[in-house]
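Chemist: If you scroll down you'll find the structure; I have some questions about it.
Values in this text are rule-based calculations from the coordinates and carry no lab data. These numbers come from a predicted model, not from an experiment. Reconstructed Cβ throughout: ideal geometry from the backbone, glycine too, with neighbour counts over all protein chains shown.
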Amino acid sequence: MDIFGFADFPFISSAQKYVERLDFKLDELFSDRAFEQIRKRGKDRVLSAIGDGIIHYEYPDRVSAEKELLSYPVARILVSCIKDSYLIKRYALSEAKSSYDLIKKLPDGGLMDFASEFSISSRIDERSYVMHCADYLRHAIREQGWKLINRKMNRGWVYLSKVEFARIIEEAVRERIESGLPLDVPPHICASLEDYLIEIRNNLIARKSEFSIEEFKEIMPDCFPPCIVHALSGAQAGLNLPHSLRFALTSFLLNIGMNIDGIIEMFKVSPDFDEERTRYQVMHIHGAAGTAYTSPSCATMTTYGNCFGKEPLCDRISHPLSYYRKKARKTYIQKNLNIMQ
Ligand code: SF4
């Protein structure tokens, strides 16, 4: 792959080696005026991830392609300085999504090279892409249609179309980017990027407040238990949540009074979003078939590996709803006391 390919796929190991060979001093990249365009493009990558998604450009020459490649480490450093788990998830997803459009256009050989970059055992069998089921399970999308029972399989090998195979690679890209963040950035580097960071933080706050005001109305998101905050960040970042966590999140929000359309809206950013199916599932949990479901207890959440980020209040409750009620009541009383003072 050449510099143009590295600019398209800056997360692959050979692109990283290329950057290392350029032998930049970090201080120069983040303070020298000669690199301002690169810093701006790095910032744009992050802002686009918060907004409508990262867009790839055509590079007219090697110099532009090199600038584009260098904007990737800049973006990663900006995200790392902010250290916000929602931003990390959203950024990783946006980079992966934008590369998916390019990955699915690669010729067969290029796609196979990509698979080996992520240690995915695969081959082409007539017109299908075939991958080992262990790798498939490692990267498979958590949706009904992607379950192994719904796939064509032969002796431990799973058959996929080219688009599906590219989608699996997109997932591997997302995992790689997300697991590599945040980087341990020296404080003086973050300080030299403060102007960019202010702009990113403001956009992030605006994005998050849109989410809490429009979608929650009277509901108090600040009082959500950590497990639900974790699930919500994942859903808002467009991740495909495991079924059990999706159920826990949906039932919790319905139980505290969030409306059905608000919940469907929340899942819209999911890469495999299907409005009709999501509406059916939410209505079902809400009781369309006669049984309204209560969100799972802490014990059940723990059994399914969905209890994340326990904090002191968790030791005094046995249900995420109790956590919410206790905290909401305390916040409500405090607010009223402040008004009276
Ligand atoms: S203890 Fe309960 S409320 Fe707290 S994070 Fe775990 S599941 Fe959520």
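Chemist: Run through the range 18-126 and list the chymotrypsin sites (Phe, Trp or Tyr not before Pro) located in a DSSP loop whose Cβ has at most 12 other Cβ atoms within 10 Å. Let's see the in-between values first.
Modeler: Values: sites: 18, 24, 30, 35, 57, 86, 91, 100, 114, 118; in loops: 24, 57, 118.
Filter output for the range 18-126: 57.
Chemist: Rounded to whole Å, give me the distance from the Cα center of the range 254-330 to that of the range 1-46.
Modeler: Each part reduced to its Cα centre gives a spacing of 41 Å.
Chemist: Okay, next question. If you line up the Cα atoms of the range 217-340 on their principal axes, what length do they span on each, largest first, in Å?
Modeler: Its Cα atoms span 47, 32, 32 Å along the three principal axes.
Chemist: Here's a follow-up. Work out from phi, with θ = phi - 60° and the Karplus expression 6.51 cos²θ - 1.76 cosθ + 1.60, the ³J(HN,Hα) of each residue of the range 42-56, listed in order in whole Hz, and give x for Gly and Pro.
Modeler: These are the phi-based 3J(HN,Hα) values: x, 5, 4, 4, 5, 4, 5, 5, 5, x, 8, x, 6, 10, 8 Hz.
Chemist: Neighbour counts of other C-beta atoms within 10 Å: give me 310, 104 arranged from fewest to most.
Modeler: Ascending Cβ contact count within 10 Å gives the list 310, 104.
Chemist: Return 54, 82 ranked ascending by Cβ neighbour count within 10 Å, so the fewest neighbours appear first.
Modeler: The order, fewest Cβ neighbours first, is 82, 54.
Chemist: Something else now. For helix 194-216, report the angle its Cα long axis makes with the longest principal axis of the Cα atoms of the chain; keep it between 0 and 90° and round to the nearest 10°.
Modeler: 40 degrees
Chemist: Name the GluC sites (Glu not before Pro) in the range 113-209 that are in a loop by DSSP and that have at most 13 other C-beta atoms within 10 Å, would you?
Modeler: 126
Chemist: If the reach is capped at under 23 angstrom between alpha carbons, list the lysines near residue 152, excluding any in the same chain fewer than eight residues apart.
Modeler: Within reach: 104, 162.
Chemist: With viscosity set to 1.306 mPa s and temperature to 10 °C, compute the Stokes-Einstein D of the chain, Rh being the Kirkwood radius across alpha carbon pairs; µm²/s, no decimals.
Modeler: Answer from the Stokes-Einstein relation: 71 µm²/s.
Chemist: Report, in degrees rounded to the nearest 10, the 0 to 90 angle that the Cα long axis of helix 275-286 makes with the longest principal axis of the chain.
Modeler: Computed tilt is about 30 degrees.
Chemist: Oh, and also: Relative contact order for the chain: what percent, with Cα pairs under 8 Å and sequence separation of 6 or more? Intermediate results must be reported in sequence, preceding the final value.
Modeler: Details: 371 pairs, mean separation 53.3, N = 341.
Once normalised by length, the contact order is 16 percent.
Chemist: Turning to a different aspect of this structure: I want to check a number: in the range 217-340, how many lysine pairs have alpha carbons closer than 27 Å, given a sequence separation of 8 or more or different chains?
Modeler: Eligible lysine pairs with Cα atoms under 27 Å apart amount to 12.
Chemist: Next question. So if I take the centroid of the Cα atoms in the range 61-136 and the same for the range 232-252, what is the distance between those two points in Å?
Modeler: Using only Cα atoms, the two centres lie 24 Å from each other.
Chemist: I want to check the label-to-label distance for residue 265 and residue 56. Put each point 7 Å from Cα in the C-beta direction and report it in nm to one decimal.
Modeler: Taking the simple label geometry, residue 265 and residue 56 are separated by 3.3 nm.
Chemist: I want the local charge near residue 71. Using Cβ-Cβ distances under 11 Å, sum +1 for each Lys or Arg and -1 for each Asp or Glu among the other residues.
Modeler: Once positives and negatives cancel, what remains is +4.
Chemist: Let me ask you something else. Students often forget the sequence filter, so: which lysines lie under 17 Å Cα-Cα from residue 40 once same-chain residues fewer than 8 apart are removed?
Modeler: The reachable lysines, counting only those whose Cα sits under 17 Å from residue 40, are 67.
Chemist: Then there is this: What does the net charge come to around residue 295 if you take all other residues with beta carbon closer than 14 Å to its beta carbon, with K and R at +1 and D and E at -1?
Modeler: On the way: positive: 246, 325; negative: none.
Result for the local shell: +2.
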